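J.: Starting off with a structure, shown below.
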Amino acid sequence: MKILVIGGGGREHALAWKLKHDDGVSQVFVAPGNAGTARDPDLINLDITDKVALREWAQAQGVALTVVGPEAPLAAGVVDEFRAHGLPIFGPTKAAAQLESSKAFSKAFMQRHGIPTAKYQAFTDPALAHAYVDAEGAPIVVKADGLAAGKGVVVAMTAAEAHEAIDFMLLDNTLGVAHNEGGARVVIEEFLEGEEASFIVLCDGVNALALATSQDHKRLMDADQGPNTGGMGAYSPAPVVTPAVHERAMNEVILPTLRGMAADGIPYTGFLYAGLMITPDGRVKTLEFNCRMGDPETQPIMMRLKSNLTQVLLSATRAELDRVTLDWDPRVALGVVLAAAGYPLSPRKGDVITGLPADAADRMVFHAGTSTAGAQVQVSGGRVLCVTALAETVALAQQRAYEVVDAIHFDGMQCRRDIGYRAL
């Protein structure tokens, strides 16, 4: 059968890489893909991004399953378009994807349905937002109400940082946020203490099936310093998600979300990513929802997944996830992101990448912001590569990943040297 993966980042490279190994899959197409998927002889890049053109192509080709990777096509309604023509597609509808595309919608939904989260207020007026920060003090969190490629969150440790973030998001739009209807808006919420974890599940509208636990590193620099990013590395499993935390996440966050969305008339299907804050006493609060798998969490998770992902996702499109169990490699997978010069605010493009290794079963370099120029691979985005390794322990997986990292070069390359430190 033919499979279509929509997207062109590291998450989509990892999904396509996993799907191509599944029994019964004859061909995997990636739209639009990147240099990594272009270099893989078992994958075919497709230079189509328009949702109607993609649907028409999938119809003509007899595509058996489409998997949506990034947030923008979901927010644009690609799932609605495919479903209207009877094509199996895994992802949430445009209405359901508001859980990610609108922070204000998401926070109001959580408040309405009793899902634990930080207290908040939403603002369109900069003066009122600034006054709220003055009243609440710092640390405080400022979030753009719109898609921002993982960069629309500022954890402000001082009031001055919060005021700057408000101006960035409401006045200057320095972060390039795709605003929702009604124009620029920010959500300002209380700062939560604890340890973050990524809790990702598959949903079929009724049932939820948890993927392997994972944890990413949001800050640009070692020891969680520097600005927030879309993620500088991740590992799976995440020891912080104990069996007790796992149970609380499912019972207090995931299942109430599925029931709440159904009650609101917008059943949720697709990947659901809950960014959780696990407090020192083991309580769970929801930082955010994403309507897709995380990036870079997808890369380690896909390297550990032994089940036939195609059949799992087809079961999800038929609301049969309650019949599915997942099989995992017991080893640790750890991924290190290599970012462009100037990332996250102004990534530089065009630098030539050298030292890329051949693919291996226990070591993969998943591409994200890359493109080809003749025989060369070049930087074309902020997060460029995710070097991912499998090993028996976190320390060994870390060592193997950094051995590959040290062989790769492009001018201005940025990476953290401490991915996985919390689990060591």
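J.: Name every residue in the stretch 359-372 that is modelled with pLDDT under 95 and not charged (D, E, K, R), in order of residue number.
T.: Residues satisfying the conditions are Ala360, Ala361.
J.: For Ile278, state whether it is surrounded by 20 or more Cβ atoms within 10 Å (Cβ to Cβ) and farther than 19 Å from Asp204 by Cβ.
T.: Yes.
J.: Continuing with this model, one more query. Looking only at helices (runs of 4 or more DSSP H) that lie completely in the stretch 1-103, which have at least 1 residues being free of Cβ contacts under 8 Å to residues at least 24 places away in the same chain, among the small types (Gly, Ala, Ser) and open to solvent by 10 Å² or more (accessible area, probe 1.4 Å)?
T.: 51-61
J.: Name the pairs whose Cβ atoms lie under 7 Å apart, with the first residue in the stretch 304-323 and of a type outside the set (D, E, K, R), the second open to solvent by 10 Å² or more (accessible area, probe 1.4 Å) and part of a helix (DSSP H, G or I), and 6 or more positions between them or separate chains?
T.: Leu305/Lys18; Leu309/Lys18; Ser315/Arg323; Leu321/Ser315
Every residue, every condition in (1) over 14 Å from the mean Cα position of the chain (by Cα); (2) closer than 19 Å to His113 by Cβ, yes or no:
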| residue | (1), (2) |
| --- | --- |
| Thr229 | no, no |
| Met250 | yes, yes |
| Val253 | yes, yes |
| Ala274 | no, yes |
| Arg283 | yes, yes |
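J.: Only one of (1) closer than 28 Å to Arg318 by Cβ; (2) not in a helix (DSSP H, G or I) fails for Lys285. Which number is that?
T.: In the conditions (1) closer than 28 Å to Arg318 by Cβ; (2) not in a helix (DSSP H, G or I), Lys285 misses (1) alone.
J.: Which ones in the stretch 200-249 are open to solvent by 30 Å² or more (accessible area, probe 1.4 Å), farther than 23 Å from Val332 by Cα and not in a loop (DSSP other than H, G, I, E, B)?
T.: Correct list: Gln225, Pro227, Asn228, Arg248.
J.: Pairs only if they're at least six apart or on different chains, beta carbon under 7 angstrom, first in the stretch 382-395 and open to solvent by 10 Å² or more (accessible area, probe 1.4 Å), second part of a strand (DSSP E or B); list them, first residue then second.
T.: Close Cβ pairs satisfying both conditions: Gly382/Ala339; Arg383/Val337; Arg383/Ala339; Thr393/Val332; Val394/Tyr235; Val394/Val332; Val394/Leu334.
J.: Here's a follow-up. Can you tell me which residue within the stretch 257-270, out of those that are closer than 21 Å to Lys103 by Cβ and in contact with a helix residue (DSSP H, G or I) (Cβ under 9 Å, 6 or more places away or on another chain), is surrounded by the fewest Cβ atoms within 10 Å (Cβ to Cβ)?
T.: Among them, the one singled out is Asp264.
The values are calculated or read from the model by the stated rules, or taken from the named source; none is laboratory data. Fair warning: this is a prediction, and the values are worked out from it, not measured in the lab. FYI the Cβ positions are ideal-geometry reconstructions off the backbone, even for glycines, and counts take in every protein chain you see. Just the protein is used for accessible areas: all its heavy atoms, side chains included, with ligands, DNA and RNA removed. Shrake-Rupley method; radii C 1.70, N 1.55, O 1.52, S 1.80 Å.
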